[in-house]
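What follows is one structure encoded as structure tokens, with my remarks underneath.
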Amino acid sequence: MRKYLAEFLGTFMLVFLGTATVVIAKGDVLAIGLAFGLAITVSAYAFGGISGGHFNPAVTTAMLINRRIDAADAIGYIIAQIIGAIVASAAVKSFVSALGLSATSLGQTDFPKIGSGMAFFVEALVTFLFLMVILNVTSKDHGNADFAGLTIGVTLAFLIIVALNLTGGSLNPARSIGPAIFAGGSALSHLWVYILAPEVGAILAAFCARVMGSED
């Protein structure tokens with residue numbers, strides 16, 4: 001249960017700090033990217049020693065494929081991550097309501113400027129790149145455990161900055177599920193993109209990282 005609690009708390013931190021920066025602090029692109037990136041860095045160093053610091057169902061999927069986690073734990077991790085994201089979004093919603101802001105603006109991800117096919121490609125691509133970094137920097141063979149958290153956080157920040165005006169830069173099904181449940185609308189109807197595309201990117205990254213020697 002300690003591992004699942006760590007995944008819950010890490011995902012909560014990621015979604016809470018990131019989406020609150022969007023809707024409460026009203027941050028610009030750089031601030032939003034850094035908020036998510038630094039949140040994952042803080043969570044990785046705080047809770048990664050307990051659970052491995054996934055905080056993302058797509059990361060857990062890649063770790064399962066590459067046998068760094070077993071199926072039972074993977075299911076528990078994903079459930080904990082989704083619950084953490086939902087609770088974080090509920091907290092942000094309460095703050096939004098207290099400030100009298102729009103209850104439908106919760107930092108949800110959507111793609112009003114592009115089609116669903118391009119949105120799928122963007123999310124799959126940025127998640128693939130993100131997982132390639134994660135799998136290699138945490139590799140027992142050639143990784144760097146001391147700087148893994150910082151490297152992963154910086155990578156996430158830059159990828160979100162690139163994707164923000166295209167898809168909102170999710171790279172994480174849980175991060176999109178939490179806000180979409182409360183915001184509804186097109187964020188909810190387009191949620192399938194933010195669930196499937198990161199998983200496709202993660203699966204491709206798992207096999208590519210293997211080819212590059214990330215696994216024993």
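The values are calculated or read from the model by the stated rules, or taken from the named source; none is laboratory data. If you're wondering where the values come from, they're calculated on a predicted model, not measured in any experiment. Every residue, glycine among them, receives a Cβ derived from its backbone with ideal geometry; neighbour counts consider all protein chains shown. The accessibility values were calculated without ligands, DNA or RNA, using every heavy atom of the protein model including side chains. Shrake-Rupley method; radii C 1.70, N 1.55, O 1.52, S 1.80 Å.
To check my understanding: the extent here is largest minus smallest coordinate of the Cα atoms along each principal axis. What are those three numbers for the stretch 31-101, in Å, largest first?
47, 23, 18
If you roll a 1.4 Å probe over the heavy atoms of the protein chains, what accessible area per residue do you get for the stretch 1-138, in Å²? Write down the numbers at each step before the final one.
Working: 5940 Å² over 138 residues.
Per-residue accessible area for the stretch 1-138 comes out at 43 Å².
Keeping all protein chains in place and using 1.4 angstrom, which order do Asp28, Asp146, Asp216, Asp110 fall into by accessible surface area, from largest down? Write down the numbers at each step before the final one.
Values: Asp28 95, Asp146 120, Asp216 160, Asp110 35 Å².
Putting Asp28, Asp146, Asp216, Asp110 in descending order of accessible area: Asp216, Asp146, Asp28, Asp110.
Give me the lysines in straight-line cross-link reach of Lys93: C-alpha distance below 18 Å, same-chain residues under 8 apart excluded.
Lys26
If one computes P(r) from the Cα atoms of the chain, what percent of pairs lie at distances over 27 Å? Can you show the working numbers first?
Numbers: 5305 of 23220 pairs.
Of all Cα-Cα distances in the chain, 23 percent exceed 27 Å.
If you plug each phi of the stretch 73-79 into the Karplus form 6.51 cos²θ - 1.76 cosθ + 1.60 with θ = phi - 60°, what whole-Hz ³J(HN,Hα) values come out, in order, with x for Gly and Pro?
5, 4, 5, x, 4, 5, 4
So for the stretch 96-168, Kirkwood radius off the Cα pairs, Stokes-Einstein at 20 °C and 1.002 mPa s: how many µm² s⁻¹? Display every interim value, and only then the final one.
Numbers: Rh = 14.3 Å.
In µm²/s, the coefficient rounds to 150.
Which lysines, on any chain, are close to Lys140 with Cα under 27 Å apart, when same-chain ones fewer than 8 places away are left out?
Partners found: Lys3.
Could you derive backbone 3J(HN,Hα) for the stretch 42-47 from the dihedral phi with the Karplus parameters 6.51, -1.76 and 1.60 (θ = phi - 60°), listing whole Hz in sequence and x where the residue is Gly or Pro?
With coefficients 6.51, -1.76 and 1.60, one gets 4, 5, 5, 6, 7, 10 Hz.
What number do you get for the stretch 1-68 when its Cα radius of gyration is normalised by 2.2 N^0.38 Å, N = residues? Before the final figure, lay out the partial values.
Values: Rg = 12.9 Å, N = 68, 2.2 N^0.38 = 10.9 Å.
Ratio of Rg to 2.2 N^0.38 Å for the stretch 1-68: 1.18.
Quote the accessible area belonging to Leu17 in square angstrom, nearest 10, computed with a 1.4 Å probe and with ligands, DNA and RNA left uncounted.
60
Each residue of the stretch 194-207 in turn: what ³J(HN,Hα) in whole Hz from Karplus with 6.51, -1.76, 1.60 and θ = phi - 60°, glycine and Pro shown as x?
Whole-Hz 3J(HN,Hα) from phi for the stretch 194-207: 7, 8, 7, 4, x, 5, 4, x, 5, 5, 4, 5, 4, 6.
Restricting to DSSP H runs of at least four residues, report the calculated mean residue ellipticity at 222 nm for the chain, -39500 (n - 2.57) per run over all residues, nearest 500 deg cm²/dmol.
Numbers: 9 runs with 161 residues, N = 216.
Value at 222 nm, helices only: -25000 deg cm²/dmol.
Could you pull the accessible area for Val137 with a 1.4 Å probe, rounded to 10 Å²?
For Val137, the solvent-accessible surface is approximately 20 Å².
Leaving ligands, DNA and RNA out of it, work out the accessible area of Lys93 with a 1.4 Å probe and give it in Å² to the nearest 10.
60
Could you work out how far apart the two model spin labels at Val29 and Lys140 are, taking each label as a point 7 Å from the Cα in the direction of the beta carbon, and quote it in nm?
In this crude spin-label approximation the distance works out to 4.1 nm.
Sketch the reach of a paramagnetic label on Leu99 as a point 7 Å from Cα along Cα-to-Cβ, and name the residues of the stretch 1-32 whose backbone nitrogen lies under 18 Å away.
It comes to 13-32, nothing else.
Give me the percent of the accessible area of the stretch 41-108 that comes from carbon and sulfur atoms, probe 1.4 Å, all protein chains in place.
On the way: 1940 of 2870 Å².
Answer for the stretch 41-108: carbon and sulfur cover 67 percent of the accessible area.
Relative contact order, percent, of the stretch 1-113 when contacts are C-alpha pairs under 8 Å separated by at least 6 residues?
Details: 127 pairs, mean separation 44.9, N = 113.
So the answer I get is 40 percent.
For Thr104, Thr151, Thr19, what's the largest-to-smallest order of accessible area, 1.4 Å probe? Walk me through the numbers before you get to the answer.
Values: Thr104 80, Thr151 50, Thr19 0 Å².
The residues order as Thr104, Thr151, Thr19, largest area first.
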